[in-house]
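Everything below concerns the one structure shown next.
Derivation of every value follows stated rules applied to the coordinates shown; laboratory data play no part. None of the values given here were measured: they were computed from a predicted structure.
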Amino acid sequence: MNKNASIILLILGVVLLVLGFIAADSVASAFSNLFTGAPTDKAIWLLIGGGVATIVGLLSLSRSPR
C-alpha cells in the first residue's frame, strides 16, 4: 500500500476511535447501557471501524517497501 494511503488510513482510524469514545460517553449511550447493558450500535461500530483502520494503517506503515 502507498505510504500516503497508510498515513491517511491511520489518521482516519484514530478519528473514528475518538468519535466512538465520544459516542460511547453520550446520553443516548448511557440510556442504552442502562437498559441493555451495552452502548449504542453507532458507538460500537465507530470503535470497531476505528480499531480496524488504525491497525491496518499501522501494519501497512511498518512493512518495508519492496
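General observations
- Degrees separating the helix 27-36 axis from the principal Cα axis of the chain, which is the longest one: 70 degrees
- Only helical runs count toward this figure. For the chain, summing -39,500 (n - 2.57) over DSSP H runs of n ≥ 4 and dividing by all residues gives -27500 deg cm²/dmol at 222 nm.
- Over the chain, volume per residue of the alpha carbon convex hull, in Å³: 61 Å³
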